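Participant: This is the structure, below, for whatever I ask next.
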Amino acid sequence: MIQRFLLLISVIICLSISLQGQTDKNTWILGGTGFVGSLDKGLYLNLQPNAGYFLYDNFAVGGQMKLTVTTDINQTSNTQFTLGPYARYYIGKGKVKALGEVAVGLNVQDKTILTFQVGAGAAWFVRDNVSLDFLAVYGINDNTNGLVGDRFGVNVGFQVYFFR
């Protein structure tokens, strides 16, 4: 009887630690988001893998890569690869949390295009350590000659959370 009671207490403690550890301080995050859509009668593809660390409860910072491929009506293709930091903040408790994200990047090929992206959305925790993310984002590309382009879209992705 005592063994079953101790086993039950151990299981409850383990479950409560993992259920509350998703966005806690000292947790690692790894994942990415993406977007596919049309742009001026062409195609727009954006993939953004990221890795980060929770400095505080619900606040993570890290780095991300961004691959953007566009084609226009004449089948002319343009590829951009950017690297930069990002910050994410989660609000709420439970399986669905609101989140906000800000990211900055520098184009690796020519180092003149700076990208800025801001987004808001929700993270749906389908498992204790995995979330599906839905973000409405606004992005701007800027270079030394002025504004190159901007976009508004919805990014969808996933994140995996590694507990301390």
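Participant: Looking only at residues in the range 51-68 that are of a type in the set (S, T, N, Q) and in a strand (DSSP E or B), which one is nearest to the chain's Cα centre (by Cα)?
Facilitator: Among residues in the range 51-68 that are of a type in the set (S, T, N, Q) and in a strand (DSSP E or B), the one nearest to the chain's Cα centre (by Cα) is Gln64.
Participant: Here's a follow-up. Restricting to the range 22-50, name every residue that is within 14 Å of Phe163 (Cα to Cα) and either in a loop (DSSP other than H, G, I, E, B) or of a type in the set (A, V, I, L, M) (or both).
Facilitator: Result: Gln22, Thr23, Asp24, Lys25, Asn26, Thr27, Ile29, Leu30.
Participant: Does Ala87 qualify as being buried (at least 19 other Cβ atoms within 10 Å of the Cβ), assigned to a strand (DSSP E or B) and not acidic (Asp, Glu)?
Facilitator: The answer is no for Ala87.
Participant: Against the condition in contact with a Gly (Cβ under 8 Å, 6 or more places away or on another chain) and at pLDDT below 95, how does Gly153 come out, does it pass?
Facilitator: So Gly153 fits the description; yes.
Participant: Now, a different point. Any residue in the range 146-155 that is within 14 Å of the chain's Cα centre (by Cα) and buried (at least 19 other Cβ atoms within 10 Å of the Cβ)?
Facilitator: Checked against the condition, which is being within 14 Å of the chain's Cα centre (by Cα) and buried (at least 19 other Cβ atoms within 10 Å of the Cβ), the range 146-155 yields at least one hit.
Participant: Here is a further query. Test of understanding: among Ala103, Ala136, which residue is within 27 Å of Phe163 (Cβ to Cβ), in a strand (DSSP E or B), of a type in the set (Gly, Ala, Ser) and modelled with pLDDT of 90 or more?
Facilitator: Matching residue, one of Ala103, Ala136: Ala103.
The values are calculated or read from the model by the stated rules, or taken from the named source; none is laboratory data. Quick caveat, the model's predicted, so the values are computed rather than measured. Cβ: placed from backbone, ideal geometry, glycine included. Neighbour counts: every protein chain shown.
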